[in-house]
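See structure below.
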Amino acid sequence: MSRAFAGRKPTPRHSSPEELDRARRHIKHVIVLMMENRSFDHMLGFLDHPNPEFPGLTGQRFDNPFLLPDTEPMTPVSPDAENRSYFDPPHGHLSTKMAMHGERWRNFKMDGFVAANAEKLSGKEPVAVPHWTRAIVVGLVLSVVAAAGIHNLARLGINGGWREVVWWALGGTVAAAAAVVLLALHQLPGRRGRQFILPVVLSGSFVGLAAYGLHSAEARRGVGTWMIASTLGALWLLWSLSRRLKQRARVPADKLGSASARAMHCMSPDKLPVLAELARRYMTCTRWFCSVPGATWPNRNFAHAATSQESVDIEAGFYEAPTIFQRLDQAVKQDLESNEPFTTWRIYHHDTPQIIAYDALWKGKMAKNWFGISRLFEDIRKDSLPMYAFVEPCHTGEQSNSQHPGNNEQNGDDFQRGEQFMADIYNALVESDDTFAKTLFLITYDEHGGLFDHEPPPPSRHPEGLRERRKGGSLARRLVAFFVEYPKANFDFRCLGPRVPAVIISPRVDGGKLDWTLYEHASIPASLRLLFAPDTPPLTRRDEVASDFLHLVRDEVTPPRKLADDNQRPQRMAKRLDEVAATEGPGGVTATTGDDLGRQLAALRSQMVAVLATTGPVEARRVMRAAAQAEEPAAILFQRRAEQQRAR
């Protein structure tokens, strides 16, 4: 624990009735911008904050020797990180456990970050665990079917008698074709559906041949040899797939220690002029922890629903837990038949946003509340922001600006675009004094991204009661989870994940101050519910006890200032908004890239398009299917549907 934290107990703080009343009188809008995969120490550990109690890293070592007997054991923290990340540090559930180095998810030493990075770079990172027994059983059954079909084909080729089985094979083919149609229309429209046509149809033919073999005693003779051969082939295939799941080493063994130590490299303030300056000017939350010691998906889910529904790693698919957006709608009734967007909430995004995992938020009329990023600046300028504006950065492609380390392996352009994105939103608010005076703008990050933070996460509580815990989700999630599951290491959701940066920006908060309150991502729905929907129940037990940040609101207004490094801001701003708007038209957004997050979002896109292509008016479905066939980016498809809903 750092010197600044000495004697400070990590306890939640709940606003008093007087503080809540003050916040409700003054704050009409909350904007949350959630960036990607950076820890508090990595981004702000060497910040030259005006408050001498700032919990910085200057003059301290924080060595990370855990589990590295063959490498340099002393790996001190240093302010020499670059915008370029070189590789994406491990941040899955078990990798985070290794980095935190505790006992039964308690008593964390926070000295395993270098070791976790070494595990990944040496090809030993804990990855998804296949249920091999289930896979083998299914594989063997399919191999038996294939063996019977091949055997019958061989016998027929030698002995003739095709007329006896033609109807069996034809029936199997027709059944398989029907399955392909169902798959193409309802699960994977477009190219992803077409690539399954041939293997599924052939499989159907073999099923028909195998059915004939089981029906005919004559055909069953000699099938045992084929079954043994196909069984061995299936086992070999499963073994090779298991090896491919393991990552290969990416650095020579003699450089493993120095490469792994990059997890300890932190940003100097000059590398992040926007976030650092906002942290100096406004309220820096020194104890904001991510909700799950794990990856992006569950942590973002906690920010929306105060639960991840028992998920600790990325499980692409739809989630049905109630969200803060629905709580706001319960408190302030909306006209579903109106073409106007809701005044309660809007989601602003660029490419495929992770929040589409909550399909209830964009089905039917809900789609009209989704906008491109350029609309955010228009709503700020026109003083037409909703109560809650959730902003999701661009995760993939040439316009990415989420600051995810995986987007910066080749260069640091994504990181710099992320800084500029924060500046654009802040400067737009400064230009709109009336809007800014009644707005809280929160910048935070979804999880630590495998990067060092020295502060041990405190205990928490499971979001659900014991009788209410369940592993729900869409059919796709359940099907994948049947064969592949991320290991939970007996995680009970009773501790938080590593710290992440969090800065609360508003003329209504004390400038240049530190907030020592214990926060987590469930503090977002907790604060929004208390502010805008106080008569609605909590989403889960987690947001019920989470601290809210409404106690920071003051009666006085401090005149805000533009960021000093942008003297020609209006002209530059207009140019950048034109560029952003141009990317939100057809063909303007680059499709997702090949990194892990890109593939996960692409899988989610397929499920989203399947819903959009099979619901709504006939003409809308036809247009959506045509767009899916053309492989249009998800953001364009989504905005097309949103415009259709707003025009109805």
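Any read-out appearing in this document is the output of simple, stated calculations on the displayed coordinates, not a laboratory observation. On a predicted model such as this, the values are computed, not experimentally measured, just so you know. Heads up, the Cβs are rebuilt from the backbone with ideal geometry, glycines too, and the neighbour counts pull from every protein chain shown.
Observations on the structure shown:
- Placing R0 at 25 angstrom, the Cβ-Cβ distance between K562 and K513 gives a FRET efficiency of 0.75 after rounding to 0.05.
- Theoretical FRET efficiency, 1/(1+(r/R0)^6), r = Cβ-Cβ of E53 and E398, R0 41 Å, to 0.05: 0.45
- Full-stretch length increase - D555, A360 - with 0.36 nm per residue and alpha-carbon distance subtracted: 66.5 nm
- Placing pseudo-labels 7 Å out from each Cα toward the beta carbon at N490 and T11 gives an inter-label distance of 3.1 nm.
- Sequence ranges 272-281, 516-525, ranked by mean other-Cβ count within 10 angstrom, highest first: 516-525, 272-281
- Gain upon complete extension [R381, R104; 0.36 nm per residue less C-alpha separation]: 94.7 nm
- Peptide ranges 298-308, 95-105, 109-119 listed from the most packed, as the mean C-beta count within 10 angstrom indicates: 298-308, 109-119, 95-105
- Ordering of 327-334, 35-42, 283-290 by packing [mean C-beta count within 10 Å, highest first]: 35-42, 283-290, 327-334
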